[in-house]
1. For Val258, state whether it is closer than 30 Å to Asn279 by Cα, β-branched (Val, Ile, Thr) and more than 26 Å from the chain's Cα centre (by Cα).
2. Step by step: first the residues of region 126-151, then only those that are surrounded by fewer than 18 Cβ atoms within 10 Å (Cβ to Cβ) and touching a residue at least 24 places away in the same chain (Cβ under 8 Å), then the one that is nearest to Leu36 (Cα to Cα). Which residue is that?
3. When you check Arg3 against the structure, is it within 17 Å of Gly84 (Cα to Cα) and either surrounded by 14 or more Cβ atoms within 10 Å (Cβ to Cβ) or under 17 Å from the mean Cα position of the chain (by Cα) (or both), yes or no?
4. Name the residues in region 158-186 that are part of a helix (DSSP H, G or I), without any contact (Cβ under 8 Å) to a residue 24 or more places away in the chain and surrounded by fewer than 21 Cβ atoms within 10 Å (Cβ to Cβ), would you?
5. So which pairs qualify, if the first residue must be in region 219-236 and under 14 Å from Gly163 (Cβ atoms) and assigned by TED's automatic domain parsing to the domain that holds Pro162, the second must be surrounded by fewer than 19 Cβ atoms within 10 Å (Cβ to Cβ) and at pLDDT below 90, the Cβ gap must be under 7 Å, and the two must be at least 6 apart or on different chains?
6. Given the criterion in the same structural domain as Phe158 (by TED's automatic domain parsing), farther than 25 Å from Ile27 by Cα, among the polar types (S, T, N, Q) and at pLDDT 90 or above, identify the matching residue among Ser117, Ser72, Ser63.
7. When you check Ala232 against the structure, is it over 30 Å from Ala128 (Cβ atoms) and touching a Gly at 6+ places or on another chain (Cβ under 6 Å), yes or no?
8. For region 87-114: of the residues being in a helix (DSSP H, G or I) and hydrophobic (A, V, I, L, M, F, W, C), which is farthest from Ile27 (Cα to Cα)?
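The values are calculated or read from the model by the stated rules, or taken from the named source; none is laboratory data. Please read these numbers as outputs of a predicted model, since none were measured by experiment. All Cβ positions, even for glycine, are placed from backbone atoms using ideal geometry, and neighbour counts span all protein chains on display.
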Amino acid sequence: MTRAFRVGRIFGIEIEIDWTWFIIFAIIAFALSGGLLRDRLPGLIPPARWLLALVTSLLFFASVLVHELAHSLVAKRCGLGITGITLFIFGGVSKMSDEPRSPKMELKIAIAGPATSVALALMFLGLAHLFGSPFATRHPIGVISGYLAAVNGMLAVFNLMPGLPLDGGRVLRAALWGALMNLREATRIASYLGQALGMGMIFFGMLLFFLMRGGLSGIWLAFIGWFLVQGAQASYQQLRLRQALSAVPVSQAMTPEVIAIPADATLDQVVHHYVMTYNHPAFPVVDDGTVLGILCLGDIRQVPREQWPYTLARQVTPPLTPEHTVSPMDNAWEALTKIAATSCGRLLVMADGRLLGILSRTDIMRAMQMRLELGM
């Protein structure tokens, strides 16, 4: 089952919503309706209060989206690839296909999000002032604006805490990277600080829940701490993996023996003689030695089963594009990020129009495991 679904594109960046987003969206709307809005706007009838709560919750996540867009747009301006932004239970995350190439670039990208949140907080604070004291006004717009000013300010402060995967951890990593001239060591230190921060939040959350009767607040704090611990560990492991795979050429990881499908084979033959026989999710389709493209299970599923005996592989194979090919001289990390962006899970290894092999995640992990066992 797909965890996230696409909702649109902004500045060429795809926006996705993870199903967990609906959980936190509902929690925030419920808390606003039964708490802040009920206390500050007692004259509102329940339907109007709920509508205002839903609008405020949407504006909060719009602020989170703007925060992540700031990271993504600065990264794109620096020449890095951005595959999209996903909103989920803990807020949002920008998905970069490349990593910053210098401490200065890392710093620019990291600081863009908190700076944007501070700007949003000041904007909402100014709007709230138009209706009196931001945190005492009884005007609906003033109440919403005061709340959004507060949460954007807290979002900026929280994200600036010095530990990965938070923005403050990336700022710290940029500083350490510049001072030590060693990205791996800088990431290790920032990761450990992120894990320590997360463990502290878990401890305090449990303390709040059991001893101070903090209820849901304690559980939520511990949950966020757990997320930080996992994210900090993943940040360091991903860097280690990237550095290791960057040293492995595709030619060492690919499978040179390629099983290709003739262009004039019917889909019935493709399924029974290739898919069911070799248990592969994708195959190259060739016509007299020329590679037409790569045929995936998704392409076959789009054709009604009763038409399989009469439909040729050439008719449903998407044209060959650079997104589905890789050079034998490319490194395995570049190939892995490319595989992650495709639905087939495989790349064709080609040079001068010739098919030299095929590459999958399994091939890359097998090559990596071999190097580890040899101590390379």
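1. Taking the combined requirement at face value, the residue satisfies it.
2. Selected residue: Arg138.
3. yes
4. Listed by number, the residues that qualify are Phe158, Leu176, Ala179, Leu180, Glu185.
5. From region 219-236, the pairs are Ile224/Phe90; Phe227/Phe90.
6. Matching residue, one of Ser117, Ser72, Ser63: Ser72.
7. Yes: the conditions hold for Ala232.
8. Out of the qualifying residues, it is Met105.
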